[in-house]
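To start, the structure itself, in structure tokens.
Bear in mind that the values in this text are calculations on the coordinates, not laboratory data. The model shown is predicted, which means the values in this text are computed figures rather than measured ones. Don't worry about glycine lacking a Cβ; one is built from the backbone with ideal geometry, like all the others, and counts go over all protein chains shown.
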Ligand SMILES: Cc1ncc(COP(=O)(O)O)c(C=O)c1O
């Protein structure tokens, strides 16, 4: 990026020209110029440690060297950039790599559908395909679930701040309590009763859709027995199981798929975010018997992003490297121990730490406090966001390969920011924050009025 570009950009341009819908630019009101690994740089010379990771799209860090090299080579050789869903070498390489590195070692038999390149596209395709396959229209989703912002995905998203009835209703969707939603009560009992009682009011659904760890919903981790029970109820009632692994797949929980530890075999899996190695790519995995599409029945101009195929084939190689996989667990331990130590050092009655792998949440029980901490952390050189129904859960999602010293430094910055925010009790002013930046912003960077 040229120096002249770096110094000529000001947030005023965005305030004037970009829609009010913008969100993260209000939460992090600096101009970002470059990024390497887990460090982002701004045009005023600041370096921030990234615990946000593009909302889970940068599990392998910013600009991994192998991705940069492969992309430069591909573009320099006039590789195909756009091809709808035609056959390209880049797509063939990705498919082969995904099969050899991910599917075969796990004895998984899935077909891949390339949807439009955002996560919500994969969710839309899954919902549609489940309905087509079963000839049923109903879907069971869960409290605090988050699946994206297109209309079908919104209908299965719990949080009312994203969902107004005038956007389209929750028609054909029933929400049931996720694991932990009712304390220790095993909520699969309710699912079982609703599915088996013909007077429950729940139509036999086409599918049950879930995240194994609810990322945007506030880092709620489903237990393995709960997930296994949901799967066996689905099988018993001939209902499809769809796992939305868009945020917590791609190694975020320590295994490539978040459901591996529980031994699930979902009928469909939605993948996006980090599957493209930092570039837009979305995939719906389906068991072969679910592949009842007719050619072109779920289409789109930008299916299969060749540059993302190139990047993806590179980052998938990490899964052949035992040190990479072991490293996720080591970093997970550091995160968990640090966050737990915060709780026992200064116990707060309504605080909680939840997570697994490299996705952790510190629930501070108060969205305003969480926002204050995020703002101070940003000033102190740390990027992180919040999730949960009131944005009360600080979300820790560093790159899976963040160097250990940087992880520790980021946690130190967090600890310091937490203390400062608790001491101040008022919202600090960020250097170039616009008036709007002072408004609370939710987990998708949207302003809460
Ligand atoms: C679990 C889950 N599903 C779907 C989506 C939607 O993905 P996208 O924003 O790329 O449409 C997200 C985004 O955060 C997500 O976390």
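A compact table of results
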read-out	value
At q = 0.08, 0.09, 0.13 Å⁻¹, base-10 log of I(q)/I(0) for the chain (Debye sum, equal scatterers on each alpha carbon)	-0.45, -0.58, -1.26
For the stretch 346-394 versus the stretch 128-189, the gap between their alpha-carbon centres in whole angstrom	25
Structure-based [θ]222 nm, the chain - -39500 (n - 2.57) summed over DSSP H runs of at least 4, per residue, nearest 500	-10500 deg cm²/dmol
For the chain, built as a Gaussian network whose Cα springs stay under 10 Å, the top-fluctuating residue of 417, 76, 389	76
Proportion of all alpha-carbon pairs of the stretch 66-320 beyond 29 Å (%)	29
Cα gyration tensor shape for the stretch 378-423, rounded if a/c is under 1.5, else prolate or oblate	oblate
Inter-site label distance for residue 106 and residue 326 at 7 Å from Cα along Cβ, in nm	2.2
Sequence of 149, 82 once ranked by neighbouring C-beta atoms within 10 Å, starting from the fewest	82, 149
The stretch 268-329 versus the stretch 206-249: alpha-carbon centroid distance in Å	19
Rounded to 5, the percent of DSSP beta bridges in the chain classed as antiparallel	65
Calculated over the stretch 106-176: convex hull of Cα atoms, volume per residue (Å³)	120
Fully extended contour minus Cα-Cα distance, from residue 87 to residue 409, at 0.36 nm per residue	111.4 nm
Relative contact order of the stretch 66-320, pairs being alpha-carbon contacts under 8 Å that are 6 or more residues apart, as %	30
Average Cα contact separation per residue, the chain, under 8 Å, 6 or more apart, as relative contact order %	23
Segment residue 75-residue 348, extension gain: residue separation times 0.36 nm, minus the distance between their alpha carbons	93.0 nm
Label point 7 Å beyond Cα of residue 190 along Cβ direction - residues of the stretch 137-167 with amide nitrogen under 16 Å	140-146, 157-160
Ranking of 140, 21, 173 by count of other Cβ atoms within 10 Å, fewest first	21, 173, 140
Virtual spin-label span in nm between residue 236 and residue 164, 7 Å along Cα→Cβ	4.2
